[in-house]
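Visitor: This is the structure, below, for whatever I ask next.
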């Protein structure tokens, strides 16, 4: 005997039971509840999310589109949303409440659950921003607008953001919001995702977001890292904007990662990703022409064809009490010699007073080499080299300076009528 045909209602009940069995213990959703799930389908008007319930929930596609109409999520991405209608055919979720209007119960639910609300900034006032949340007037204090200090609140006017309800009083007439609270959650999520890749020695790329006199702030995938001015380039950098500009895409290497109360502190380097220029090492006793770059408390920094380095105050040869900053302003040229070189760090130490000693030794060696021979020829070479004379003129100069070998000696003067005794000689009596 054949079994009786199954009705549509029985089939639906069987499928629902099957789904429940497959999922184990399916959860029951409640309005105002914040849930997390995985995107399983993107359709023409909805994005379907598996949140562990008997039915897949949906989020209106418009909530997940950018300004160009492109959906910001794909299948497999995780979403966090708030249950708006648990009894719909597919439970309706909202990424942020308030886009289609909001009531007091929804505001209270958002405050209790931490669900974000969507609001449009209507005016920048003293101390913060006035925000319209689905027709409800709310206020966001200036300290809750950004993670850091928001210098110009007027730039937020007319823009729509997501906020967290942190205070609700007087039957909904006093609503206080925080954008910073959501930004902190977002930052922590990005830090957790990047933590594995942010290891010392790792190479990555980032965008320069701001500059200060100490260096550059770089966004490395949602987390800000800092490049100290000394790590921008292998050469000395006076101003960070001499090397990079805001918006530049730069190659980086991670120098350090520290966890603090304010999040991750990432130390980065740009020069570590670039090979240091090969500057020829100065020869022993090589005199170099230097240009003053800047003054420091202990001397002056100079730039030479063989690299930059310090000339200490003691090596400048100034009188006691002299101000080396006034004596050697930036841009002045001087002669220096290398007195110390740190090969491991590529740093040089120069001396200005040592130039005279080096030149004296060079002159001594030149004269010694020229006088190694004998006769007038070697002496003539010295005159010719030092005075720029021709060979004949140098020989004449050398001959004039030397006494003649065959010249007769002049007789000593004698006193008249003395028989030949030299003048001034007194004979002793015997």
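Visitor: Taking 0.36 nm per residue of separation and subtracting the Cα-Cα distance, what length does fully extending residue 173 through residue 219 add?
Guide: Extra length from residue 173 to residue 219 when fully extended: 12.7 nm.
Visitor: Another question about this same structure. Suppose we keep just the DSSP beta bridges with both residues in segment 104-185; what percent of those would be antiparallel, to 5?
Guide: Just about 95 percent of them are antiparallel.
Visitor: Points 7 angstrom from Cα along the Cβ direction at residue 332 and residue 78: gap in nanometres?
Guide: It works out to 6.4 nm between the two label points.
Visitor: Counting pairs of alpha carbon atoms under 8 Å apart in space and at least six apart in sequence, what relative contact order in percent does segment 104-185 give?
Guide: Relative contact order, segment 104-185: 33 percent.
Visitor: Ok, one more. Would you mind calculating the gained length between residue 184 and residue 90 on full extension (0.36 nm times residue separation, minus the Cα-Cα distance), in nm to one decimal?
Guide: So the extension gain works out to 30.7 nm.
Visitor: Let me ask another. 7 Å from Cα along Cα→Cβ at both residue 234 and residue 137: what's the point-to-point distance in nm?
Guide: Distance between the two pseudo-spin positions: 6.3 nm.
Visitor: May I pose another question? Please report the spacing between the Cα centers of segment 177-238 and segment 69-127 in Å, no decimals.
Guide: So the two Cα centres are separated by 30 Å.
Visitor: If each of residue 149 and residue 322 carries a label point 7 Å out from its Cα toward its Cβ, how far apart are those two points in nm?
Guide: Inter-label distance under the simple model: 4.3 nm.
Visitor: Normalised by the number of residues in segment 287-357, what is the relative contact order in percent for Cα pairs under 8 Å and 6+ residues apart?
Guide: Relative contact order, segment 287-357: 35 percent.
Visitor: Let me ask something else about it. Using a ≥ b ≥ c from the Cα gyration tensor of segment 287-357 (square roots of the eigenvalues), is it rounded, prolate or oblate, where a/c under 1.5 gives rounded and otherwise the larger of a/b and b/c decides, a/b for prolate?
Guide: Prolate is the answer for segment 287-357, as a/c is 1.5 or above and a/b outweighs b/c.
We did not get these values from a lab; they are worked out from the coordinates using the rules stated. The structure presented is a predicted model; accordingly, all values stated were derived computationally and were not measured. All Cβ positions, even for glycine, are placed from backbone atoms using ideal geometry, and neighbour counts span all protein chains on display.
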